[in-house]
Amino acid sequence: MSHHCGRFEKFANRRDFLKKAGAGFGLLALADLLQGEDLLAAEEATLNAQLSTLNSPMASRQSHYPAKAKSIIWLFMEGAPSSVDLFDPKPELTKRDGQRITIDVFNGNPGPLMKSPFSFQQYGQSGAWVCEKYPNVAKHVDDFAFIKSLYSESNDHVPALYQINTGIPRPGFPSAGAWITYGLGSESQNLPGYVVLGNNQGVKGGPLNWSAGFLPTSYQGTLFRSSGAPILNLTRPENVTREDQRAQLDFLKKINTDHLKQHDGEPDLLARIQSFELAYRMQAEASDLTDFSK
């Protein structure tokens, strides 16, 4: 318990206690300085701006430069043939086929080097190399951009997946989709701005590959299932009317908003309110979106 602003306040957890107890005296001095500079109104404006986004976290925003693209589809196909079996032949590897690595970098007994089992030819005006298994692809090489300078900072699958999706080989950072949605918003307010289409085997590293990281949780990717309901628990129970559900959400929004005013800067609480509203609007839209018969 602590005496705070003329009343007793019960802390929810130790972190909240330490934050307020440790910074309490500093905040008193800061409040006096802000009051003298008439800057307390700015803090109130920030909170009001937070509250104004409760129903529109995906509102479309103007970019710094004129947009050339209307939407983005990020195709990340985990588990592909090696580049040395596609478009990047290695003559030195072919030359050293069967030789063993002299430095044991794997703390074990590494097997011998192995050349690609396929042959390559050059195609098009660009002279791009293409594996013999892709004769149709070879017809269009002058329309492709082959980038052969990319590399991963980790030789393990999971950190490498984090790096390709977030730019950092460690968990906890926003994915490319989260950054784009955060920066530009979405044209639709009834669907997630960032949708993930997974596969039946799952993805190494899991949802951290489409996480919002340290951005507000609203901007993380929403995984659509490949069969059945696209999102679990989205359908309203049969014994609950639309009016009853709307009344429940309005009540939750009111008490959560009041709570948010007392706990400024709590992104998870703000995201929870936003997710309730978005799920309500998605109940009809998501099912129609994934019904390809229409």
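Readers should treat all values here as calculations from the given coordinates under stated rules, not as data from a laboratory. Values in this document were obtained by computation on a predicted structure and should not be read as measured data. Neighbour counts are summed over all protein chains in view; Cβ atoms, including those assigned to glycine, are modelled from backbone coordinates with ideal geometry.
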Between S60 and K204, 0.36 nm times their residue separation minus their Cα-Cα distance comes to what?
-> 48.7 nm
Ranked list, fewest to most other Cβ atoms within 10 Å of each Cβ, for E277, E132, E243 = E243, E132, E277
Which net charge results when you count Lys and Arg as +1 and Asp and Glu as -1 among the other residues whose beta-carbon is under 11 Å from that of A160?
-> -2
Note, G124: beta-carbon cut-off 13 Å, +1 each Lys/Arg, -1 each Asp/Glu, net -1
Of the trypsin sites (Lys or Arg not before Pro) in segment 147-231, those whose Cβ has at most 12 other Cβ within 10 Å and which sit in DSSP loop = K148, R225
Residue order, fewest to most surrounding Cβ atoms within 10 angstrom, among M282, M114 = M114, M282
Volume in Å³ per residue [convex hull over Cα atoms, computed for segment 156-294] = 133 Å³
What's the percent breakdown of Cα-Cα distances in segment 136-196 across 5 Å bins, shortest bin first?
-> 4, 16, 15, 14, 13, 17, 14, 7, 1
Most exposed first, judged by fewest Cβ atoms within 10 angstrom, Y194, Y123 run Y123, Y194
Segment 80-150: Rg to Rh, with Rh as the Kirkwood radius over Cα pairs | 1.07
